[in-house]
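The values are calculated or read from the model by the stated rules, or taken from the named source; none is laboratory data. These numbers come from a predicted model, not from an experiment. Virtual Cβ from ideal backbone geometry, glycine too; neighbours counted across all protein chains shown.
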Amino acid sequence: MAMKVGILTSGGDCPGLNAAIRAIVKSGKEKHSMSFIGFRNGFRGLIQNNYLELSTEMVSGILTQGGTILGTSRDKPHKFPENGKYVDKTMEALKVYKKNKLDFLICIGGGGTQKNALYLKKSGIEVVTLPKTIDNDIPFTDTAIGFDTAAGIATEAIDRLHSTAMSHDRIIVIEVMGHRAGWIALGAGLAAGADIILIPEIPYDIKKAAEAIIERKKRGKEFSIVVVAEGAMSVSQHKIVSKLVYSKENSKTKEEKAKAKEKLLLFHKEHLSHTLVLTKQLEELTKMESRLTILGHLQRGGTPSSYDRIVATRLGTAATESIQNGKTGIMLGLKEEMVVEVPLEDVAGKIKLVPLNHPSIISARSTGVFLGE
Ligand code: F6P
């Protein structure tokens, strides 16, 4: 019996999403006579029954297009924003799934999407997910759709900033995305020959960073390139956050928990401008002119890299194979270039941080990159 499958893309967009949608629809239709509907704007479209029929013609030519033809959002079915409150809409999602006589739902997204998909699985929806996030912080897969493109965009940007830093004898600070894991900063920083790479996994000492720059200057290098993940923080900031997280997780009363949560939100709000502060601190400590470039959503734009197109196509075609074989409640990942089926229970709620003994960390240290401590 040919199956009917729903697709949605959820969380931050990235290059490669359309390549994955194309691979799912083409392989599902051509190999297994499946039919597809695409829900708009992530889980919101599933709850609102807002979808479009996905034909082979509709996905023709989207392999190289950035973004997602379905649109996306960060809405969660079990915490759906409605009239200023969060409401559990899981049952509405299940109703839409049944109303459209779907056999499976494919969710393409990051860490939050894996969690949302597991909730839906437990409510009776057959789900298969693909890992997508430029942050590359999803466990049990070597890479996620979008990471390679973002790292490439950041590398090219840092290359370009090298020439202006050299021309003006300046410190150029480049903020890249990655609010919990420093994969983009580490990858692009290493690829572009950064002198300092600061990642969330290693709280940094600003004075030691300035000393490293001054040491470089003494060796005749009048400029420095500093790559900083947006989630990186100083040792003192890390201490504050750790205390707030501890008190949030160990609060004895609801009020205490709410207070700690509010303080954490305020900290993260103020932390948004931390790279500007860092740039000024480096200028004061080194007496060298310093400038900041924030790459922001540039890292999520434009056509996917060739590798991301391959990752998206490999995982998209594997998803329809797994569905055809009746596999459910799994994420398709890549381990040493081989597709693996990972139970959602193992992935949901987990994060893949940069291990401090990662080969790229070791290579960075060996080539004299200052990593913050
Ligand atoms: O999760 C991917 C990501 O690009 C993060 O690196 C970044 O912090 C966040 O999304 C930005 O979210 P938004 O696009 O919703 O502002």
Taking Gly66 as the residue in question, decide whether it is part of a loop (DSSP other than H, G, I, E, B) and at positive phi. no
Scanning for something touching an Asp or Glu at 6+ places or on another chain (Cβ under 9 Å), in the same structural domain as Glu126 (by TED's automatic domain parsing), without any contact (Cβ under 8 Å) to a residue 24 or more places away in the chain and surrounded by 16 or more Cβ atoms within 10 Å (Cβ to Cβ), does region 322-345 turn up at least one residue? no
Among helices (runs of 4 or more DSSP H) entirely inside region 198-276, those with 1 or more residues being within 17 Å of Gly368 (Cβ to Cβ) and of a type outside the set (Gly, Ala, Ser) are 206-218
Number of the condition not met by Ile214 [criteria: (1) closer than 25 Å to Trp183 by Cα; (2) more than 22 Å from the chain's Cα centre (by Cα); (3) hydrophobic (A, V, I, L, M, F, W, C)]: (1)
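Return the residues of region 42-61 that are over 14 Å from Ile106 (Cα atoms) and either assigned to a helix (DSSP H, G or I) or within 16 Å of the ligand (Cβ to nearest atom) (or both); say none if nothing qualifies. Full working, then the answer.
As a first pass, look at region 42-61 and keep what is over 14 Å from Ile106 (Cα atoms): 44, 47-50, 52-53, 55-61.
Listed by number, the residues that qualify are Arg44, Ile47, Gln48, Thr56, Glu57, Met58, Val59.
Within region 1-41, restricting attention to residues that are in a loop (DSSP other than H, G, I, E, B) and of a type in the set (A, V, I, L, M), which residue is farthest from the ligand (Cβ to nearest atom)?
First, the residues of region 1-41 that are in a loop (DSSP other than H, G, I, E, B): 1-3, 10-16, 33-34, 40-41.
After this cut, where a residue has to be of a type in the set (A, V, I, L, M) as well, the list is 1-3, 34.
Details: Met1: 38, Ala2: 35, Met3: 31, Met34: 29 Å.
Of everything passing the filter in region 1-41, Met1 is farthest from the ligand (Cβ to nearest atom).
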Checking Lys101 against (1) outside the structural domain of Arg40 (by TED's automatic domain parsing); (2) among the basic types (Lys, Arg); (3) more than 18 Å from the chain's Cα centre (by Cα): exactly one of these is not met. Which one? (1)
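Within the bounds of region 96-107, is there any residue that is in a helix (DSSP H, G or I), under 26 Å from Gly67 (Cα atoms) and of a type in the set (Phe, Trp, Tyr)? If you could, list the steps in order and put the result at the bottom.
Initially, region 96-107 is screened for residues in a helix (DSSP H, G or I), giving 96-99.
Of the ones still in play, those that are also under 26 Å from Gly67 (Cα atoms) are 96-97.
This time we only want the ones that are of a type in the set (Phe, Trp, Tyr), so: 97.
Yes, some residue in region 96-107 is in a helix (DSSP H, G or I), under 26 Å from Gly67 (Cα atoms) and of a type in the set (Phe, Trp, Tyr).
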Go through region 62-77 and count every residue that is more than 14 Å from the ligand (Cβ to nearest atom) and either at pLDDT below 95 or within 12 Å of Ile21 (Cα to Cα) (or both). 6
Search result, residues across region 171-181 that are surrounded by 19 or more Cβ atoms within 10 Å (Cβ to Cβ) and under 16 Å from Ile294 (Cβ atoms): Ile171, Ile172, Val173, Ile174, Glu175, Val176, Met177, Gly178
